[in-house]
1. Can you quote the Å³ per residue value for the convex hull of the Cα atoms in the chain, rounded to an integer?
2. If the chain between residue 15 and residue 118 were fully stretched, how many nm would it gain, using 0.36 nm times the residue separation less the Cα-Cα distance?
3. Rg and Dmax in Å for the range 267-389, alpha carbons only: what are they?
4. Using the Karplus equation 6.51 cos²θ - 1.76 cosθ + 1.60 (θ = phi - 60°), what ³J(HN,Hα) coupling, rounded to whole Hz, does each residue of the range 310-319 give in order, writing x for Gly and Pro?
5. At 1.4 Å probe size, put 362, 311, 11 in order of accessible surface, largest to smallest.
6. Could you compute the net charge surrounding residue 373? Neighbours are other residues with a C-beta less than 13 Å from the C-beta of residue 373; K and R count +1, D and E count -1.
7. Restricting the count to DSSP beta bridges whose residues both fall in the chain, what percent are antiparallel, rounded to a multiple of 5?
8. Taking all pairs of distinct Cα atoms, average 1/r, flip it, and tell me the Kirkwood hydrodynamic radius of the range 204-269 in Å to one decimal place.
Amino acid sequence: MKQKPNIPLSVPNLSLDILDNVKECIETGWVSTGGRFITEFEKKVAEYTGVDDAVGVQSGTAALHLAFQILGVEVGDEVIVPTVTFIATVNPITYLGAKPIFMDCDDSLNMDLDKLESFLEDECSLTENGLINEKTNNKIKALTVVNVFGNPIDMERVIEIAQKYNLKVVEDAAESLGSFYKGGKYKDRHTGTIGDIGVLSFNANKILTTGGGGMILSNDKDILERARFLSVQAKTNPLYFEHDEIGYNYRLTNIAAAFGTKQIDKIEDFVEIKKRNYELYKKELDKIEGLDVLPFNENTRPNYWFYSVIVDKNKYGLNRDELLMKLNDIGIQARPLWGLISDQKPYKDFEAYKIDKARHYVDNLINIPCSTNLTKEKVYQVIEMLKKFKIQK
Ligand SMILES: *Cc1c(COP(=O)(O)O)cnc(C)c1O
């Protein structure tokens with residue numbers, strides 16, 4: 001029997017020179033939440049993304065938790081979030097006793113900013129106590145936007161809206177390290193560096209990985225200082241173990257950072273490969289009737305993290321789930337979009353504003369292999385299979 005192609009969706013691309021750093025961790029004993037690789041990694045990421053400084057933590061989720069807390073989200077508050085995202089964007093809001101309000105996506109998969117504006121205009125009122133949700137009488141403190149699959153959202157518009165309605169902005173850039181704007185007000189600015197706080201993740205499926213890890217980006221020194229303080233159990237006096245506040249054990253470890261300092265050096269090579277493979281797929285798959293590769297936003301340099309293909313059953317012959325099954329059966333790992341967060345059991349009773357387009361994408365989208373160690377030959381194998389599976393009429 002012919003061997004299966006065995007092409008994973010998105011796997012780490014690690015190099016053995018990381019071992020030099022790990023060896024140093026072992027020899028010096030600096031394996032936990034202190035050590036030179038942590039500060040070195042923070043400096044490198046800050047320099048690459050163009051912020052003054054950054055704070056390394058143990059996951060993107062931890063970074064988001066700190067971000068919302070530092071921006072003042074408290075029990076009873078509400079935070080506007082996209083329904084199309086990984087659930088980690090939303091969970092930290094509930095850790096703080098606050099509530100999400102879900103927004104629909106547009107055709108870029110990012111938050112629909114027209115709908116956001118009509119929600120704010122029609123359903124909320126701006127008072128001297130801040131923005132109030134008329135339905136619940138709760139305060140809406142913040143807005144979180146996600147650069148879904150690495151595609152930069154229109155931050156110029158996000159910031160305008162946030163300023164008009166007095167909202168803090170958390171940029172969930174967990175998927176978009178390496179993406180930046182090529183025009184407009186934020187030309188040359190990286191995703192995650194424009195809102196009040198930006199968040200990165202170095203989980204194993206992201207463009208670069210430290211095993212597990214995350215980072216907080218900001219141009220505000222007080223915010224970064226506060227994040228660093230809260231991430232190490234809020235030690236007021238480390239010698240005498242004094243704590244004036246409740247903190248967390250969220251600091252990035254030196255072992256994780258030992259991976260990070262090597263991985264960040266490769267980021268532009270990784271983007272290069274992701275771009276090459278994306279363009280190959282786009283050129284070939286757009287020729288297949290019934291398959292449509294989603295574009296990235298114009299005037300941006302995306303990191304091309306994940307590739308999305310929309311399956312039109314009437315033209316392709318198979319529906320999305322049939323195609324998913326066939327691909328996975330032959331060893332080409334593909335997956336659907338996340339289930340909408342506003343449909344998940346813990347969140348289905350929260351406010352969701354006119355969710356419509358997101359349903360179309362949940363039902364018809366697949367993500368196809370996109371690792372940074374994916375060869376051209378493997379890309380062609382995926383393309384061949386997608387051609388073969390089409391049912392000729
Ligand atoms: C991966 C991811 C996160 C969470 O990051 P972890 O490091 O896994 O905690 C948050 N938001 C989005 C959009 C993600 O893709």
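1. With only Cα atoms used, the chain gives 150 Å³ per residue.
2. 32.3 nm
3. Here Rg and the maximum Cα pair distance are 15.6, 47 Å.
4. 9, 9, 9, 4, 4, 9, 8, x, 10, 8
5. Numbers: 362 30, 311 5, 11 55 Å².
So, going from the largest accessible area down, we get 11, 362, 311.
6. Working: positive: 266, 274, 276, 376, 378; negative: 269, 272, 377.
Net of charged neighbours comes to +2.
7. Working: 32 of 51 bridges.
Restricted to the chain, the bridges split so that about 65 percent are antiparallel.
8. One decimal place: 13.6 Å for the Kirkwood radius.
The values are calculated or read from the model by the stated rules, or taken from the named source; none is laboratory data. Fair warning: this is a prediction, and the values are worked out from it, not measured in the lab. Cβ: placed from backbone, ideal geometry, glycine included. Neighbour counts: every protein chain shown. When the accessible area is computed, the model is the full protein with side chains, heavy atoms only, and any ligands, DNA or RNA have been set aside. Shrake-Rupley method; radii C 1.70, N 1.55, O 1.52, S 1.80 Å.
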